[in-house]
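Student: This is the structure I want to talk about, given as structure tokens.
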Amino acid sequence: MLELYYGCLIGGILFAVAVLIFGDLLHLHGPDFFDPTVIGGWITTFGGVGVLLTTYTELGLVATAVLAALAGIVLSFLVYFFYVKPMKKVENSTGFSLQDLAGKLCEVSVTVPEQGFGEVLVKVGAGLTNQIAASFDREIIPAGMKAVIVEVKDDVLYVSAYEEVE
């Protein structure tokens with residue numbers, strides 16, 4: 001039985017490495033509880049606890065297997081409720097569409113001339129992006145000034161100076 005426990009321990013560790021490298025390919029469709037992290041955690045815990053109980057206690061074969069399985073189940077529940085489930089809710093994408101920027105505030109980083117192009121800094125999600133900008137009103141907008149994106153056309157943001165009203 002010790003060989004089974006060592007096999008589960010080593011197999012679980014290899015499974016964890018495989019999930020780390022090929023995680024998206026190994027995702028099982030179904031309940032979140034069947035996430036590879038939870039399954040791998042159970043296998044590894046079952047093997048590890050089985051090795052420890054077999055080596056350091058005088059428990060019988062069945063008692064060792066039951067305790068190792070219970071330890072795996074407890075740890076799997078903890079991993080699921082305190083790691084997997086919360087992480088499913090915090091996904092943050094850095095992808096965005098230029099069309100979604102219309103109406104957003106930005107800061108001019110390179111002066112936008114009357115005709116021609118400058119550059120603006122726009123907050124998107126958790127980060128910032130620099131984009132090519134032109135003046136919507138055909139007025140100079142100096143660097144450091146706030147602007148509002150009026151429209152997006154041909155991958156260029158057309159901006160107007162933004163002045164806060166107090």
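Nothing in this text is a laboratory measurement; each read-out follows from the coordinates by a stated rule. Everything quoted here is computed from the prediction, not taken from an experiment. Every residue, glycine as well, gets a Cβ built from its backbone with ideal geometry; the counts of neighbours run over all protein chains shown.
Student: Taking H placed 1.01 Å from N in the peptide plane, check which residues at least 5 places from Lys104 or on another chain put their amide H under 5 Å from its amide H.
Tutor: Here the answer is Ile149, since their amide H atoms fall under 5 Å of that of Lys104.
Student: Going toward the positive end of the dipole of the chain, with +1 on Lys and Arg Cβ and -1 on Asp and Glu Cβ, which of Leu121, Ser97, Phe15 do you reach last?
Tutor: Phe15
Student: Let me check against my output: what whole-number percent is the relative contact order of the stretch 2-88, with C-alpha pairs under 8 Å and at least 6 apart?
Tutor: Rounded, it is 35 percent for the stretch 2-88.
Student: Would you work out which of Val62, Asn130, Phe34 lies farthest towards the positive end of the dipole of the chain, given +1 charges on the beta-carbon of Lys and Arg and -1 on that of Asp and Glu, about the Cα centre?
Tutor: Working it through, the farthest residue towards the positive pole turns out to be Val62.
Student: Each residue of the stretch 41-52 in turn: what ³J(HN,Hα) in whole Hz from Karplus with 6.51, -1.76, 1.60 and θ = phi - 60°, glycine and Pro shown as x?
Tutor: Calculated HN-Hα couplings, in order: x, 5, 4, 5, 5, 4, x, x, 5, x, 4, 4 Hz.
Student: Please state, to two decimals, what the Cα-based radius of gyration of the chain comes to when divided by 2.2 N^0.38 Å (N = residues).
Tutor: 1.82
Student: Further, regarding this structure: In whole Hz and in residue order, list the ³J(HN,Hα) couplings for the stretch 113-120 that follow from phi through the Karplus curve 6.51 cos²θ - 1.76 cosθ + 1.60, θ = phi - 60°; x for Gly and Pro.
Tutor: Using θ = phi - 60°, the values come out as x, 4, 10, x, 10, x, 9, 10 Hz.
Student: Size of the dipole of the chain about the Cα centre, Lys and Arg at +1 and Asp and Glu at -1 on the beta carbon, nothing else charged, in debye to 20?
Tutor: 680
Student: Two decimals is fine: what's Rg over Rh for the stretch 98-161, C-alpha atoms, Kirkwood radius as Rh?
Tutor: My calculation of the ratio gives 0.92.
Student: Moving on. Could you work out Rg/(2.2 N^0.38 Å) for the stretch 2-88, with Rg from alpha carbons only?
Tutor: Against the compact-globule rule of thumb, the ratio is 1.14.
Student: Next question. By count of other Cβ within 10 Å, fewest leading, how are Leu78, Leu61 ordered?
Tutor: Leu61, Leu78
Student: When only Cα pairs under 8 Å and 6 or more residues apart are kept, what is the percent relative contact order across the chain? Please list the in-between numbers first.
Tutor: Values: 268 pairs, mean separation 25.9, N = 166.
Relative contact order of the chain: 16 percent.
Student: Still on this structure, I have one more. Under 26 Å from the Cα of Lys153, which lysines turn up, not counting those fewer than eight places away in the same chain?
Tutor: Qualifying lysines at Cα under 26 Å: Lys104, Lys123.
Student: What ³J(HN,Hα) values, in whole Hz, does the Karplus curve 6.51 cos²θ - 1.76 cosθ + 1.60 give for the stretch 54-65 when θ = phi - 60°, with x put for Gly and Pro?
Tutor: Values per residue, Gly and Pro as x: 5, 6, 10, 10, 9, 5, x, 4, 5, 4, 5, 5 Hz.
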